[in-house]
Structures are given as C-alpha cells and as structure tokens.
Amino acid sequence: MHKLPNLVLRCSAGLRLTASNQEPALILGLILLSAAAFAQSSQDSVTYTPVAPATPTSNGPRVTVAPVPLVTAMRTKDTLVDLDFRVGSGFHINSNAPKSEFLIPTKLNIDVPTDIALGKIEYPAGHDLSFPFSPDEALNVYTGDFTVKVAVHPLHSVVPGKYVMHGFLRYQACDNAQCFPPKNLPVNFEIKVVKEPAGHRANPPQSPHVHN
C-alpha cells in the first residue's frame, strides 16, 4: 500500500488539518467539513444596515419679500420705502403686536450706512383669527400679502450716490396645527441719495455804518 504524502490543510476558519497515511475518503470528509465551517463563518460576519424609507421633502412655512425698486432719497428729508411681504398659503405669522407676551412678534431690523438715519417703521394692523389649536382665543396675525413701511433719512453730510441697506424680517410661522421655529428673512434694498434743492439765500446783514 502506497503511503500518501503529509498534507496540511488550512482554511480561513482557523483549522489546521494534517493528514498522513490517511485514506482518501477521510481526507475528502475533512475538506468538506472545513469548507462548511468557512461558509458558516463568512455568513456570520455579514453586517446588514437597514435603510430608512425616504421621506417626502417639504418646503415648510415660506415668507418672501418682493424685489424693491431703486429708491431716490433726498438729503435731510424722510423717504418712505415700501417692503412687500407674502406669507405662503396655509400659514400665518404673528403680527408686530400679538395679543400675548409669549408670542414672537414680527419685527424688521435694518442696518443703515454711516450718515443715513433710520426713521419710523410702520407695521400694518393684523387680523384677529381663531385656529383649531386655540379655538377660544383669537390671535392677531398676518396672512397673505402685507406691507411694512420704513423711513430713511440721509443726513446733509452724505455724499450723493447709491447705498445698499441690509436687514432681515424676524418672524414665526404657524399652520392650523403647529408653530415652527422663528426665522430671519434677509431684506435688502438700494437707495440713491441726491442733493436737496438749493434754497433761497438770506440777504447778508447790513453794516450799521452804511447809510442810504
């Protein structure tokens, strides 16, 4: 009977099989056993990561401001600038004067360049409406389109030219069921400062030493 050479069987499952003078059937059985162990270890090492189903995106509450045409502002005079806003359908925002101190009012903030003063900001009156989440208490809100007026006052020291005004509208939007976190809507517009019309100069005082 012929002797079989020593066989060393290795597998990734960590088994070391040495066969010497063994029958071929025994060797075949060991090979099949190690293959099964390898397949089982590979299956156990697979990690499955569940994928969450995609959720539809929502634009959420939306407040927009219309583009503001170039505003001409005369030095030393107040010039009113109309800022037109629109609240998205199905939403409302608190007015500038909500009925409760716990509600966040809508407020315009404007940064002005040097030597241009910011005058009075005029907010429209809100509408008293009731909603399912507060059926017994009417809230003072803005819906649809509304306009905020802001006065700019260039001082006499301003060099005539164009100036950009930067700011934002602070608001909190709600629908019929919930309120959303407050947001800042950027508000920018440009003014063109021009000189004031030349006035009539007063006659200089007459010297007391001059006689007609």
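The values are calculated or read from the model by the stated rules, or taken from the named source; none is laboratory data. What you see is a predicted model; the values in this text were computed from it and never measured. Counting neighbours? That spans all protein chains shown, and the Cβs are built from the backbone with ideal geometry, glycine included.
Structural remarks
- Qualifying residue in the stretch 119-128 (condition: among the basic types (Lys, Arg) and within 24 Å of the chain's Cα centre (by Cα)): no
- The stretch 55-75 - residue that is at pLDDT 95 or above and part of a loop (DSSP other than H, G, I, E, B) and, of those, surrounded by the most Cβ atoms within 10 Å (Cβ to Cβ): 75
- Residue-level analysis places residue 103 among those that are over 30 Å from residue 76 (Cα atoms), in contact (Cβ under 8 Å) with a residue 60 or more places away in the chain and under 28 Å from the mean Cα position of the chain (by Cα).
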